[in-house]
Amino acid sequence: MTVNKNCLGSSNKDINICESHPWSVSVEDLTKFYNTSTINGLSDSEAKLSLLKYGKNEFQEFNKESLFSKIIEQLTDPMVKLLFGAAIISFAISITTSLENSDLPSWVEPLVIFIIILFNAVIGVYQDINADKAVQSLKDFQTTKCNTVRNGKLQQIDSWELVPGDLIELTSGEMVPADCRLVNSSYSNFKLEEAHLTGESGEISKNSDVCNKESDLSMRYNMVFKGSSVLQGKGKAIVTSTGSKTELGKVYLQVREAELETKEESSPLKEQLDEFGDFLAKAIGIICLLIWLANFSNFSDKIHGSFLLGALFYLKQAVALGVAAIPEGLPAVITTCLSLGTRRMVKRNALVVRLPKVETLGCTTVIISDKTGTLTRNEMQAMKFLIMNSKFILQDNEVGGIGYNINGDIQYFDEKAKDSSLILNLYLNLMLNNDSKIELNKNNISVCKGLPTEGALYVLGKKIRLNTNLEDWEREVCFEFSSERKLMSVLVKNIKNNNKLLLTKGAAEVVLEKCSKIQQINQEPVLMDESTKIQIEKSIEDLSKSGYRVIAFAFKKIDSSKDSLNIDIENNLTFSGLVAILDPIREEAIDALKIARNAGITVFMSTGDNPQTAYCVAKDLGIVDQTSEKSIKNVYVAKELEKYSDLELKQIMN
């Protein structure tokens, strides 16, 4: 066995490739480095030592700002300081005035100023606390229990106990508790959803093959990341990173760092208010001094009793005039306006960390938006399907509805197609050659349990609404999907008449190559000629260029006495049709982009998804104008933007 030397005996973490790039080393190297096993895992004693070395599998806790610190922070604003000073002076003047005149209403002005200061502090602290709670919500991705092999036995432990080197088992429906290197999977189609990290909608196939050291996050097919959901399959993996060292943990740290930066950076409004406060304090001070000096000749008037008492009298007058010039209501008006803005944004599920940041949006000239889940719904949806008419022309059938909701109508190109045997075969393929289901969550929203693509096909089957009883059909054999085969087939039998069908779906080009026949509506299958095949290939190409994921469907009647049940059975199929799937655009995103453009804001799209798909989405949203060469550059793959410095990025955006 060849062992990577960088994985052995190195105390320098910078050159320790097993820790820094676990996807680029073999499983043997990794087990040697962590002194673990792909069968027995770690021992309890080794796990305890590793827990002391690496710490708990939890996000790093930051020193929380105390309530007192939050209050003090609200009182350090120049305008608040000016008001505070004015209140104290006004309070002192009111005392002397009350002693002289017993005039109780003179207490009103300092009391109002103190109430305004208190109001500002309460609103600011309340917003601060809410922001802290929202940032902490990332911890929801931390699972509580996980299946771990220790001392050769499978056991459930708290996820915070996981350490690098632990051997864990992952099954469909579970959330990954830490960053891990996949050891093996019992299914050829071990798939996860990683949209929270990569921005790619849909499922990601995983395997245990060694990846290139320079592979970016989305290309590390042998790694599973904390917070990802297992959609299909079962596998074993070795933990490589825990807590804040995981990819999700790094995101958490970045969010916390960004929060600290927002405290240090001043918004345009705060800068203007600070400047205004400084200017106002100086101007009022100078004016008060000038007024006091202007009355210098009156200091000795007999009415005052003495020069000193006269000087004090005119000083109180000058100060009272200065206090009256301070706009006590300005901070209250600003705080109220910002609070109303924050309230509106919270209703739209937007996080506002500091009140003045609401105003910053008014100064925004460039928005860089993610695609998946922000501009799109992050739900795969069948938008249309294409079947062959009686003249051997592929016809579109538009599919209505939103997301995974099974309610929606189909606009058939010919109403006769609805009751044809072709639609029946397609329906059986959609429903029986499928392992996903649609369920309602606690908020009564339809969600997909399983692969998103299969979920979209299941919803399409439900929208076709045939009266066929699916319970009359049972699966006998399943030829599973794999990244090499790019198709999936099931052999089903009708329990009433024993008729058997092979139902196949998969990548359009692959399925088409396995078809020798084609079926039209209300017709029996006939041999597929070259011109028909070329027409289908052209449709596949056009749909792909428009940003669709294209799935082809085919079937074959099986004669058990002639057809052998092996992988070769997936030949000489009859082509049924194509289904065009995509992650649909959010309707509210279209209106939001119009508002942004009308406000003079330039919008850029950043995505980790396929660039062609991203370009098509940007075109539909109006981010890209085909007539403008300049606007075509408004779509970027995320890793492109990472190469630029802040200064270079600003130049590009301008």
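Specify whether the C-alpha gyration tensor of the range 199-247 places it in the rounded, prolate or oblate class, a ≥ b ≥ c being the square roots of the eigenvalues: rounded for a/c under 1.5, otherwise prolate if a/b is larger than b/c and oblate if not.
Values: a/c = 1.20, a/b = 1.08, b/c = 1.11.
The shape class here is rounded.
If packing is taken as the average number of other Cβ atoms within 10 Å across a peptide's residues, how do 391-397, 375-381 rank, most packed first? Don't jump to the answer; show the numbers that get you there.
Details: 391-397: 14.9, 375-381: 23.0.
Descending mean neighbour count gives 375-381, 391-397.
So, for the chain, what is the accessible surface per residue at a probe of 1.4 Å, expressed in square angstrom? Walk me through the numbers before you get to the answer.
Numbers: 33940 Å² over 654 residues.
Heavy-atom SASA per residue in the chain reads 52 Å².
For the range 473-608, what is the Kirkwood hydrodynamic radius in Å, using each pair of distinct C-alpha atoms?
On the way: mean 1/r = 0.0567 Å⁻¹.
Computed over Cα pairs of the range 473-608, the Kirkwood hydrodynamic radius comes out at 17.6 Å.
Which FRET efficiency value, to the nearest 0.05, is calculated for residue 522 and residue 497 with the Förster distance at 22 angstrom and r the Cβ-Cβ distance? Write out the running numbers ahead of the final one.
Numbers: r = 21 Å, r/R0 = 0.97.
Working from the Cβ atoms, E equals 0.55.
Tell me, what HN-Hα J-couplings in whole Hz come from the Karplus equation 6.51 cos²θ - 1.76 cosθ + 1.60 at θ = phi - 60° for each residue of the range 486-493, using x for Gly and Pro?
Couplings: 6, 7, 9, 9, 10, 9, 10, 10 Hz.
Placing +1 at every Lys and Arg Cβ and -1 at every Asp and Glu Cβ, with all other atoms neutral, what dipole size does the chain have around its Cα centre, in debye to the nearest 20? Don't jump to the answer; show the numbers that get you there.
Working: 73 positive and 84 negative charges, 172 e Å.
With Lys and Arg at +1 and Asp and Glu at -1, about 820 debye.
Quick check of the Kirkwood formula: for the range 438-526, what is the inverse mean of 1/r over all pairs of different Cα atoms, in Å? The partial results should precede the final answer.
Numbers: mean 1/r = 0.0639 Å⁻¹.
After inverting the mean inverse Cα-Cα distance, the result is 15.7 Å.
Within the range 536-561, name every residue whose backbone N is under 11 Å away from a label modeled 7 Å from Cα of residue 597 along the Cβ vector.
none
Tell me, what HN-Hα J-couplings in whole Hz come from the Karplus equation 6.51 cos²θ - 1.76 cosθ + 1.60 at θ = phi - 60° for each residue of the range 505-512, using x for Gly and Pro?
9, x, 4, 3, 5, 5, 5, 4
What's the ranking of 36-45, 487-496, 280-289 by average number of surrounding C-beta atoms within 10 Å, highest first? Walk me through the numbers before you get to the answer.
On the way: 36-45: 16.5, 487-496: 18.8, 280-289: 14.6.
Ranked from most to least packed, the peptides come out as 487-496, 36-45, 280-289.
If you take every DSSP beta bridge fully contained in the chain, what fraction is antiparallel? Give it as a percent rounded to 5. Display every interim value, and only then the final one.
Numbers: 76 of 89 bridges.
Rounded to the nearest five, the antiparallel share is 85 percent.
Between residue 344 and residue 272, what length in nm is gained on full extension when 0.36 nm per residue of separation is reduced by their alpha carbon distance? If you can, show how the numbers build up before the last one.
Working: separation 72, 0.36 × 72 = 25.92 nm, distance 2.40 nm.
The residue 344-residue 272 span can extend by a further 23.5 nm.
Any idea what the dipole of the range 431-475 comes to, in debye rounded to 20, about its Cα centre with Lys/Arg Cβ at +1 and Asp/Glu Cβ at -1?
Working: 7 positive and 6 negative charges, 54 e Å.
Around 260 debye, computed over the range 431-475.
Between the helical axis of 78-101 and the dominant principal axis of the chain, each derived from Cα atoms, what acute angle in degrees is found, rounded to the nearest 10?
Orientation of helix 78-101: about 40 degrees from the principal axis.
Taking the Cα-to-Cβ direction at residue 559 and at residue 114 and moving 7 Å from each Cα, how far apart do the two end points lie in nm?
10.0 nm
For the chain, which whole percent of the accessible surface, found with a 1.4 angstrom probe, sits on carbon and sulfur atoms? Write down the numbers at each step before the final one.
Values: 18400 of 33940 Å².
Carbon plus sulfur share of accessible area: 54 percent.
Taking the Cα centre of the chain as the origin and placing charges on Cβ (Lys, Arg +1; Asp, Glu -1), which of 52, 456, 645 is farthest toward the positive end of the dipole?
456
Can you figure out the FRET efficiency of residue 84 with residue 312, using R₀ = 25 Å and their beta-carbon distance, to the nearest 0.05? Mind dumping the intermediate values first?
On the way: r = 23 Å, r/R0 = 0.93.
With R0 = 25 Å, the Cβ-Cβ based efficiency is 0.60.
Angle between the Cα long axis of helix 530-545 and the longest principal axis of the chain, 0 to 90 degrees, nearest 10?
10 degrees
Principal axes first, then extents: for the Cα atoms of the chain, list largest minus smallest coordinate on each axis, whole Å, largest first.
129, 66, 46
Tell me the label-point distance for the pair residue 158, residue 651, using the 7 Å Cα-to-Cβ offset, in nm and rounded to one decimal.
Those two pseudo-labels are separated by 5.3 nm.
The values are calculated or read from the model by the stated rules, or taken from the named source; none is laboratory data. Everything numeric in this text was worked out from a predicted model, so none of it was measured. For neighbour counting, all protein chains shown are included, and Cβ atoms are generated from backbone atoms with ideal geometry for every residue, glycine included. Ligands, DNA and RNA are excluded from the accessible area calculation, which covers all protein heavy atoms including side chains. Shrake-Rupley method; radii C 1.70, N 1.55, O 1.52, S 1.80 Å.
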